[in-house]
Amino acid sequence: MESARAEAGRGKSSWLNPAVAITVALLATFMGICKVKDDNIVLAMRQAQVNKLESANREQIAIYQALAKDQATYDVLNLRDDQFGLLDALIAIAISLLAVASLTQLPWLYAMAWVPSGFGVLMGLSGLSGLIGWSIHPTRRIQLLN
């Protein structure tokens, strides 16, 4: 009798493990794609710093103009890098929740994992602003982590 109840309980949430596996695969793939873009942004940030240092040989006015332009470029790239950093943290939290949901077979925990998943994907899409054109600033969210 107890065995039948346990089997019936497993049947109710038999969708959970495949749903978790598919969700984890999709989130990991999205995170991997965004990681490549984030690495490119870091390279661009480094190049902006190099350009700033190379401009030190120009005349004073030209130097300040170039520094201001380079700093603006650096600030934009830094924002996008922060968006991808927040993406990494949120998706990692979501994947952890999904793993626990799979182990405990708690559907509500699976549903809860969609909260950081959604915000993580939103930050990733914002970081890919060259493709989409969004400009969501994660400043307040990042300050919570400091």
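General remarks:
- Of the residues making up the range 75-103, those that are in contact (Cβ under 8 Å) with a residue 12 or more places away in the chain and among the β-branched types (V, I, T) are I91, I93, I95.
- Screening the range 81-101 for residues that are closer than 13 Å to D39 by Cα and of a type outside the set (S, T, N, Q) and picking the one that is surrounded by the most Cβ atoms within 10 Å (Cβ to Cβ) gives F84.
- Residues of the range 100-142 satisfying the condition of being outside any helix (DSSP H, G or I) and either touching a helix residue (DSSP H, G or I) at 6+ places or on another chain (Cβ under 8 Å) or at pLDDT 65 or above (or both): Q105, L106, L128, W134, S135, I136, H137, P138
- When we screen L106, L79, L87 for residues that are in contact with a Gly (Cβ under 7 Å, 6 or more places away or on another chain) and of a type in the set (A, V, I, L, M), the only hit is L87.
- Among (1) more than 30 Å from D81 (Cβ to Cβ); (2) modelled with pLDDT under 80 - the single one V36 does not satisfy: (1)
The values are calculated or read from the model by the stated rules, or taken from the named source; none is laboratory data. No experiment lies behind these values; they were computed from the predicted model shown. Here the Cβ is made from the backbone with ideal geometry for all residues, glycine too, and neighbour counts use every protein chain on show.
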